[in-house]
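Working notes, structure below.
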Amino acid sequence: MAVQNNTTPSAKRRFQSPFDVATPPGAEGWQELYPYYAHISEERRAVEEQKLWYFDGMHNPEPLYPFDTIMTENWWVAASQMTTKVWPIPVAMGIDQRIINGYLYVSPNSIDDPAEVARRAELFNERAGHYYENWDTIYAEWKKKANGCIERLKQIQFKPLPEFEPEENVYGHRGIYSSHDLLSSYNRLIENLFEMGSYHFEMLNLGYGAYLTFREFCQQAFPGISDQTITDMVSGIDILLFRPDDELRKLASRAIELSVDGALLANSDPASALKAVGSLPGGAAWLAAYEESRNPWFWFSTGVGYTHSDAVWMTDPRLPFTALRGYIEALRRGEDIRRPLDKIIETRTRVTQEYRELLPTEDDREAFDGLVKLARTVYPYVEDHNFFVEHWHHSLFWEKVRELGEVFVAHKFFDDKEDIFYLHRHEVYDALYDMIIGWAVGTPPRGEVYWRPIIQKRRKIRDALAKWSPPPALGVPPESITEPLTIMLWGITQETIQQWLGGDTAEDGVLRGIAASAGKVTGRARLITESEQLYDVQDGEILVCRITAPSWAPVFQRISAAVSDVGGMMAHTAIISREYGLPAVVGTGFATVNVSTGDLIEVDGTEGTVRVLEKAVQA
């Protein structure tokens, strides 16, 4: 098999070699935080030095915690096996990973052997065709599997080991005891994550593939057509990711109906607001509506769900309450707070019909109809899976890990339940076994003195890594990029590579990215590098960030445009901006480096450009 490892002997320009990246001061020994197979190594230099490695700032914008690598390691296998072993996609192989200075870099593999492409195409067409023909049925089955996985996750519990076994374990003749329960619960927790991680990609790659096929058809049939126009033809489809925000709109309307809106506006602290609402005549009815909305819709991470440190609406409701107050104020002003869905659907219908009429033959129109229908059919899954997996499941998963962390605190291994995230999942199993040895034998376990200095050292290393700014890419640019996730999700194309090679800005000082949502505005920038800064966003500002999360949707009601470092046409920044009718440019690579809060910038979501018109005066 001729697998193209992105080698380009003829390339005249390349990024810095991953072997030449220096360790930041204070981060010496960072490699011990991560498993050996995730490192760049001399043994694999011949391959690793000739590949393109790009920074996955979309899913992991900060240095990885050792335990959090379970998420990256999951999709390393789960996403890649769908492309290589299950379908297989004719021109694409899996996506490789390496951790460099604590940051995740990824590299897609591809195939350029025509015979092998043809062999894979035959298998792909048969298998993928089955999924496409039965998409709605399979998706209904998928939701049952996802819900079942979540319900089993809820059932997993972690408790400190008892002084003596409960009587029911003795007189019930179980024959297995608390030590076995603790280990098996941990094993089930890890298996549950990998189970959901596998469901994550069961249909995703095909979803992106269907859209890519439609996109390629449009680009060939309508030379010069923009990506924005193509996405217009599949926009306006109701998806679950908007449901949490829709619930807030309902709660805002209900608050005014029940005359509890004043209490919500007067109290910025959620706990105080809930207490004040509860004291009012209509408070009980509103609180009942609030509880009904919370589960499951508040299992919504302020990040992308891959990192335990991102706040979740369920346990930190500051962001939804901030949005709630904004919706109440807007309703009081007589504004319509509904998403402009009718306008988006009107555009979708009009644009689709206009381009359909340009096709010369009935066969062309029939092919066009089939592809646009398929793209619209797969679109809900492409977005809806995100709520089931990254938000609902993963937010619950992190809470279960913290529950286990409390067990380690109870047994004097850790000072804080959050310390567990400084251990890799394999190390956690070792620590658990150490714990049950000490519990069974009566000898103090070594873990009581072993882990604290390691955790302290790793915390200092990670803090040092957080001060390092990872370059967008390393290694050798490829001849071609064909992996669908790379194009659709990360927005990495040949044009992107050339822009990155050009440095942090183009020669004319204009940042260029993907024209993700049409429109042109000028306004003051609000730079967001962590979710805590979302509370500083002012009405009318332009959001500038590495990447947005779906749970930021309420913020989109207040901003005038969005700019992100990473992302493609199907990234969340792009999708949400289109649904809210906001101009957006994604995949700029360097916006967060070149733009500061307060800068006056112009965002052209039709051309895909960002201009800094006036730098803010720094205090």
| Name the residues in the range 264-317 that are over 23 Å from Leu240 (Cα atoms), in contact (Cβ under 8 Å) with a residue 60 or more places away in the chain and not in a helix (DSSP H, G or I), would you? | Ser309
| query | Where residues in the range 136-160 are farther than 30 Å from Arg376 by Cα and among the basic types (Lys, Arg), which of them is farthest from the chain's Cα centre (by Cα)? | reply | Lys159
| request: Report, by residue number, each residue of the range 213-240 that is open to solvent by less than 10 Å² (accessible area, probe 1.4 Å) and assigned to a helix (DSSP H, G or I). | output: Phe214, Cys218, Ile230, Thr231
| field | Selection count, the range 240-263, where residues are in contact (Cβ under 8 Å) with a residue 60 or more places away in the chain, of a type in the set (D, E, K, R) and in contact with a Gly (Cβ under 9 Å, 6 or more places away or on another chain) | value | 0
| task | Using the structure shown, decide if Ala210 is in contact with a helix residue (DSSP H, G or I) (Cβ under 8 Å, 6 or more places away or on another chain), open to solvent by 40 Å² or more (accessible area, probe 1.4 Å), over 30 Å from Phe408 (Cβ atoms) and in contact (Cβ under 8 Å) with a residue 24 or more places away in the chain. | result | no
| request: Being in a helix (DSSP H, G or I) and free of Cβ contacts under 8 Å to residues at least 60 places away in the same chain is the filter; apply it to the range 82-107 and report the residue that is farthest from Leu33 (Cα to Cα). | output: Val86
| So which pairs qualify, if the first residue must be in the range 603-619 and over 18 Å from Ile559 (Cα atoms) and in contact (Cβ under 8 Å) with a residue 12 or more places away in the chain, the second must be surrounded by fewer than 19 Cβ atoms within 10 Å (Cβ to Cβ) and polar (S, T, N, Q), the Cβ gap must be under 7 Å, and the two must be at least 6 apart or on different chains? | Leu613/Thr522; Ala616/Ser596; Ala616/Thr597
| said: Could you go through the range 479-498 and let me know if any residue there is at pLDDT 90 or above, under 23 Å from Ser17 (Cβ atoms) and more than 24 Å from the chain's Cα centre (by Cα). | reply: no
| Would you pick out the residues in the range 36-58 that are open to solvent by 20 Å² or more (accessible area, probe 1.4 Å) and not aromatic (Phe, Trp, Tyr)? | His39, Ile40, Ser41, Glu42, Glu43, Arg44, Arg45, Ala46, Val47, Glu49, Gln50
| Taking the range 421-448 as the region of interest, how many residues are assigned to a helix (DSSP H, G or I) and farther than 26 Å from Tyr177 by Cβ? | 2
| query | Which of the residues that make up the range 398-455 are under 34 Å from the mean Cα position of the chain (by Cα) and under 13 Å from Pro160 (Cβ atoms)? | reply | Glu403, Leu404, Gly405, Glu406, Val407, Phe408, Val409, Ala410, Phe413, Phe414, Lys417, Leu432
| said: Just checking, does the range 244-258 include any residue being over 30 Å from Val378 (Cα atoms), among the β-branched types (Val, Ile, Thr), modelled with pLDDT of 95 or more and crowded, with 18+ Cβ neighbours inside 10 Å? | reply: no
| Given the structure, is Arg452 touching a helix residue (DSSP H, G or I) at 6+ places or on another chain (Cβ under 7 Å), in a helix (DSSP H, G or I), open to solvent by 40 Å² or more (accessible area, probe 1.4 Å) and not β-branched (Val, Ile, Thr)? | no
| remark: When (1) of a type outside the set (Gly, Ala, Ser); (2) open to solvent by less than 30 Å² (accessible area, probe 1.4 Å); (3) in a helix (DSSP H, G or I) are applied to Glu532, the one that fails is (2)
| Residue check for Asn60: within 29 Å of Gly502 (Cα to Cα) and in a loop (DSSP other than H, G, I, E, B) | yes
| query | Does Ser268 meet the test of being at pLDDT 95 or above, over 18 Å from Glu335 (Cβ atoms) and among the hydroxyl-bearing types (Ser, Thr, Tyr)? | reply | no
| said: Exactly one condition in (1) aliphatic (A, V, I, L, M); (2) open to solvent by 10 Å² or more (accessible area, probe 1.4 Å); (3) closer than 29 Å to Thr573 by Cβ; (4) in contact with a helix residue (DSSP H, G or I) (Cβ under 6 Å, 6 or more places away or on another chain) is false for Leu161; which is it? | reply: (3)
| task | Would you list the strands (runs of 3 or more DSSP E) that sit entirely within the range 560-619 and hold 2 or more residues that are surrounded by fewer than 24 Cβ atoms within 10 Å (Cβ to Cβ)? | result | 600-604, 609-614
| message | Just to check your reading of the model, which residue among Lys400, Lys417 is surrounded by fewer than 22 Cβ atoms within 10 Å (Cβ to Cβ), among the basic types (Lys, Arg) and over 30 Å from Lys144 (Cβ atoms)? | response | Lys417
| request: Test each condition in (1) among the β-branched types (Val, Ile, Thr); (2) open to solvent by less than 80 Å² (accessible area, probe 1.4 Å); (3) without any contact (Cβ under 8 Å) to a residue 40 or more places away in the chain for Val441 and report the one that comes out false. | output: (2)
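The values are calculated or read from the model by the stated rules, or taken from the named source; none is laboratory data. Quantities reported herein were computed from a predicted structural model and do not represent experimental measurements. Virtual Cβ from ideal backbone geometry, glycine too; neighbours counted across all protein chains shown. Note: accessible area is taken over every heavy atom of the protein model, side chains too, but ligands, DNA and RNA are not part of it. Shrake-Rupley method; radii C 1.70, N 1.55, O 1.52, S 1.80 Å.
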